[in-house]
Amino acid sequence: MDCIFCKIANKEINSALIYEDDSVVAFRDLNPQAPQHILIVPKKHVANIIELDDKELAAHIFVDVVPKIAKEVGVADSGFRIVVNTGEEGGQTVNHLHVHLIGGRKMTWPPG
Ligand code: 5GP
Ligand code: ZN
């Protein structure tokens, strides 16, 4: 399967990972929308949150990995946003589940 995030996760494409464990990698977005813009990606291919049926993986990402990276990059106290774009109208352009962690500036609401 020609999936860019599978290739990053399995090191077919060299990328500066800022976090890695048995099930997840995280790396900086190529086109950052804020001073801190990190993508948290499961190593196994899951197309989007509709296809995510692994509660252990979901909990790991949101309970363990998001807070850990938010603290490491210094946005845990100042605040940040996590975004999971899903499907065409949700703005998903890479069809491998990824959690955007965006921070380091004041966010606006609502999204465009
Ligand atoms: P989506 O729009 O699917 O929620 O987000 C996809 C994100 O992946 C975009 O913010 C885009 O900049 C980022 N992206 C796409 N290809 C690559 C890549 O090869 N490397 C990195 N680091 N980010 C990528
Ligand atoms: Zn994939």
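Here are the numbers for this structure:
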item: Cα shape, region 66-112, gyration tensor, a/c 1.5 rule; result: oblate
item: Under 5 Å, built H, 5+ apart or other chain: amide partners of S23; result: none
item: Long-range HN-HN contacts of V46 with modeled amide H, under 5 Å; result: L97
item: Per-residue ³J(HN,Hα) for region 73-85, Karplus 6.51 cos²θ - 1.76 cosθ + 1.60, θ = phi - 60°, Hz, x for Gly and Pro; result: 8, x, 10, 4, 8, 6, x, 6, 10, 10, 9, 10, 5
item: Paramagnetic reach from I49 in region 79-100 [backbone N under 15 Å; point 7 Å along Cα→Cβ]; result: 81-93, 96-100
item: Too-long pairs where the Cα-Cα distance tops 18 Å, listed order kept, from K11/K68; K7/K43; K7/K71; K11/K71; result: K11/K68; K7/K71; K11/K71
item: Distance histogram for region 33-112 (every C-alpha pair counted, 5 angstrom bins, percent rounded to whole numbers); result: 3, 14, 25, 24, 19, 13, 3
item: Size of charge dipole - region 15-112 - debye, nearest 20, with Cβ of Lys, Arg +1 and Asp, Glu -1, no other charges; result: 440
item: The chain: relative contact order as a whole-number percent, Cα under 8 Å and 6+ apart; result: 30
item: Mean-position separation - Cα centroids, region 50-90 and region 4-33, in angstrom; result: 15
item: Partner aspartates and glutamates for K44 [C-alpha distance under 16 Å; skip if fewer than 8 residues away on the same chain]; result: D2, E12, E20, D21, D22, D53, D54, E56
item: Per-residue ³J(HN,Hα) for region 88-100, Karplus 6.51 cos²θ - 1.76 cosθ + 1.60, θ = phi - 60°, Hz, x for Gly and Pro; result: 4, 6, x, x, 6, 10, 10, 8, 9, 3, 8, 9, 7
item: Net lengthening on full extension, R81/M1 (0.36 nm per residue, minus Cα-Cα); result: 25.8 nm
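Read-outs throughout are calculated quantities, based only on the coordinates presented, and are distinct from any laboratory measurement. The model shown is predicted, which means the values in this text are computed figures rather than measured ones. Glycine gets a Cβ as well: all are built from the backbone with ideal geometry, and neighbour counts include every protein chain shown.
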